[in-house]
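**Q** Have a look at this one before I ask anything.
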Amino acid sequence: MASLLKELPSMSTILAAYASLSAMAMLIRTILNEMIPKPMQRFINTKFSNLVSKYLSSNFTFIIEERWQAVYNETFRAVEVYLPTRIGPSTDKLLLGSNDINNPTSPPKRKIPSDCKIIDEFEGITLEWTLHVKESEKYYIPDKKTYHLTCKKRVRELVEQKYFPHIAKTAQTILSKREKLNIYTYNQDRSRWESAVFKHPARFETLAMEPELKQFIMDDLDSFVGRKDFFENVGRAWKRGYLLFGPPGTGKSSLVAAIANYLNYNVYDLQFQSVRNDADLRRILTSTTNRSILLIEDIDCSTKISKDRGKLKNDREKEGEVGRTDHPSAIDPG
């Protein structure tokens, strides 16, 4: 045993060898960084990571982008609503904020910050979520957001077939019970919708309207909400449109607010003056969400876009569309 210990190298020899190897590695790394262009380095790193992941990793990653085939990705929105409810002890950071200017002391809303990991459990499976954000180089182009869901390869099919529908149903339940509504206005300079808390006192119970007409509108709304499957079966978009007209002060805005409060739907308030062209209008409409009201103000003031509405009416399935004007005779009857 003593002779064996004598043959082992001393600690100083081991440290000297380690220092030499480290210096050589740093020298080689410096030479490679100088000789190989950055794009080629990133390409090699990506290929090497993919190779290691393919043959050595047992994990699988789902990627959910914010946009899907030129429209807003409803799976992304469902995940965005669902994940704040799954925050637990393993979550290391959290984004808080409030846009309720009428009640600044109310509890802030939760959102998931970039690179935050959230662990979820589903039918005994451990799932890891991460939000990735790629900042835009131009202020008027939104940042690119993607959610990454990592699981074991062996449960990939179960996650796709059961877990994602579970998220969609949970998110729908959360949205149906939301206590606060939002009103969105379109910011032309930044090319996106911006929200504020929608608090309007108008209700059908307090609305100054003939009782028969009021009951007719409420019954029509109830019938529309309960017939989603019928619309799908007959191949029609699930949406309902109303044209409100009359002089200022006759209650058009109050009726829209009463409908929003009755259905518990957010409101998207669109001014046609902020629309540049047909392509811009199509992109604006497809960036709104389902179960919402699209309010088009003064629809008679933009005849050119109004004439092209027939080409755009199927671009998005809206739950409610309301046009408002003070001059109904100025609208193209087509």
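The values are calculated or read from the model by the stated rules, or taken from the named source; none is laboratory data. From a predicted model like this one, the values you see are computed outputs, not experimental measurements. Neighbour counts run over all protein chains shown; Cβ positions are idealised from the backbone, glycine included. Keep in mind that these areas ignore ligands, DNA and RNA; they rest on the heavy atoms of the full protein, side chains included. Shrake-Rupley method; radii C 1.70, N 1.55, O 1.52, S 1.80 Å.
**Q** Within the range 270-284, can one find any residue that is open to solvent by 70 Å² or more (accessible area, probe 1.4 Å), of a type in the set (D, E, K, R) and within 22 Å of residue 177 (Cα to Cα)?
**A** Scanning the range 270-284 turns up no residue that is open to solvent by 70 Å² or more (accessible area, probe 1.4 Å), of a type in the set (D, E, K, R) and within 22 Å of residue 177 (Cα to Cα).
**Q** Can you list the strands (runs of 3 or more DSSP E) lying wholly within the range 130-214 that have 2 or more residues being under 21 Å from residue 100 (Cβ atoms) and open to solvent by less than 70 Å² (accessible area, probe 1.4 Å)? Write out each step before concluding.
**A** Working: elements: 144-152, 181-187, 192-198.
Output list reads 181-187, 192-198.
**Q** Restricting to helices (runs of 4 or more DSSP H) lying wholly in the range 1-90: which have 3 or more residues that are surrounded by 10 or more Cβ atoms within 10 Å (Cβ to Cβ) and modelled with pLDDT of 75 or more?
**A** 11-35, 38-55, 74-82
**Q** Still on this structure: Is it true that some residue in the range 184-201 is at pLDDT 90 or above, closer than 19 Å to residue 78 by Cβ, of a type in the set (Ser, Thr, Tyr) and under 17 Å from the mean Cα position of the chain (by Cα)?
**A** Yes, the range 184-201 contains a residue that is at pLDDT 90 or above, closer than 19 Å to residue 78 by Cβ, of a type in the set (Ser, Thr, Tyr) and under 17 Å from the mean Cα position of the chain (by Cα).
**Q** Return the pairs, sorted by first residue and then second, in which the second residue is basic (Lys, Arg) and open to solvent by 30 Å² or more (accessible area, probe 1.4 Å), the first residue lies in the range 255-273 and is outside any helix (DSSP H, G or I), the beta carbons are less than 7 Å apart, and the residues are 6+ apart or on different chains.
**A** Here the result reads 264/178; 265/291, each pair linking the range 255-273 to a residue that is basic (Lys, Arg) and open to solvent by 30 Å² or more (accessible area, probe 1.4 Å).
**Q** Pick out the one residue from 297, 317 that is in contact with a Lys or Arg (Cβ under 7 Å, 6 or more places away or on another chain) and at pLDDT below 60.
**A** Checking each option against the conditions leaves just 317.
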